[in-house]
């Protein structure tokens, strides 16, 4: 089954940062757009989503960036390790 | 039989104007209305349908004759693959609900990649097919517009995150709130029932506690103001990722319950267990059922004997811990034909929802070809004071054939039940048992279980 990306140790510290950022920024509300659907999103839910998604979005961008750096170095070192083994 | 409205429309399929389900003969169809023509085409043209069906995340369908349409609004008629047994979130164990939640989020993420979104996130749109959760509502997709918030965010939190968190942090029995609250557990209620430590997790603090506070604060405010900023695509992806982390981070450790360790504490000798297994296999072979309901099936040991014969088996038990154990075991197999569900037979799932027809009762989803009731009768008759004729009558409404075990008063398990109460069960004898059940079934076979005083019966339809 397809699953959303699993967290790893590299993102744990980042999550803590996200937590603090989220709690600090929680009273900042933005103006939303109208939703067009048969389901009522609920005014409170709608406004809250815009707020929380804004906060999470920033942190998510950071997470993707962090993961790419992590991936780059882990590939670099694993490649180096493989090369070393081949050279032996 | 699923509740139908007079024209064959499925009674649970009325909220979404984009279409509805109906039956023609014994076949299930879905009418796609003209109003969602664009979204329906986009589902195919964007490649999302193929992608989801290919990964068993969405129920596949075939095109059907438009002449079958029930109303003039019809644009297409499709014939989705049939889900043999419809189960409801209040019948699922923790891991089933968690897997259904993660499947919903995975579908939403995939939809976003194809320029679409899930326009609802109802737990009732997920069913278990061959042991895996799958979306059964083909019309749940709408085109994505940049900046548009996820319209189903509230529904996802109420249907999935709130009950899962209540199970993980407070008590597994709170999952039954889903039976009362058909559109998911209100977040203010969940927030009040959760312990303070649940606020230490960012996902739970935000998606449940602060979300609930926002709902209360803006209650009665009317339509939200428009024209300002919405939710960017990246932020929406972040929201899905955050919900996924919150759901994935929840754990429920099935503590040792009365039944979770049943097979370790049972009074069966190895000889008796072997004899019982042999007899059950023999009776299953004689009845040759396609659909088996194992009532009080515990962790599914005997259900698996039926599943091994290629029967579709539902293993019901009142204890969420044993259902959890059974589900985790079944998840290991690639294509399971055994679905474990939480069901208290002394208070089985009733018909629920609008006009009492949106969600079917347990009996309305039957009858099964064969019912198994092993080591169960004494709990119903003695622990719950249910007279034997009433048990026989109810069983006959659930299935045509019956494999049933009678455990006499001399058995240590029955002695244990009677140890703390007055024995008012003078009629609890095998002759009375046979008399009561003969009113509704015909007894085909009766065999003592070797190494015990128990008797195993095979009963067929009467007359």
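General remarks:
- Residue tally, condition farther than 21 Å from residue B:12 by Cβ and not in a helix (DSSP H, G or I), over the stretch B:24-48: 2
- Hits in the stretch B:90-110 (condition: more than 11 Å from chain A (Cβ to nearest Cβ) and either in contact with a strand residue (DSSP E or B) (Cβ under 6 Å, 6 or more places away or on another chain) or not in a helix (DSSP H, G or I) (or both)): B:91, B:92, B:93, B:100
- For the condition crowded, with 21+ Cβ neighbours inside 10 Å and assigned to a helix (DSSP H, G or I), residue B:184 does not qualify.
- Some residue of the stretch B:141-164 being assigned to a loop (DSSP other than H, G, I, E, B), within 23 Å of the chain's Cα centre (by Cα), touching a residue at least 12 places away in the same chain (Cβ under 8 Å) and buried (at least 22 other Cβ atoms within 10 Å of the Cβ): yes
- Single unsatisfied condition, residue B:137 versus (1) buried (at least 20 other Cβ atoms within 10 Å of the Cβ); (2) assigned to a helix (DSSP H, G or I); (3) touching a helix residue (DSSP H, G or I) at 6+ places or on another chain (Cβ under 7 Å): (2)
- Selection within the stretch B:253-290 - part of a loop (DSSP other than H, G, I, E, B), assigned by TED's automatic domain parsing to the domain that holds residue B:309 and modelled with pLDDT of 75 or more: B:268, B:269, B:288, B:289, B:290
- The condition of being farther than 27 Å from residue B:156 by Cα, under 25 Å from the mean Cα position of the chain (by Cα) and more than 14 Å from chain A (Cβ to nearest Cβ) holds for only one of B:70, B:30, B:26, that being B:26.
- All conditions in (1) within 21 Å of residue B:293 (Cβ to Cβ); (2) at pLDDT 95 or above hold for residue B:462, with the sole exception of (2).
The values are calculated or read from the model by the stated rules, or taken from the named source; none is laboratory data. Source: prediction; values computed, not measured. Every residue, glycine as well, gets a Cβ built from its backbone with ideal geometry; the counts of neighbours run over all protein chains shown.
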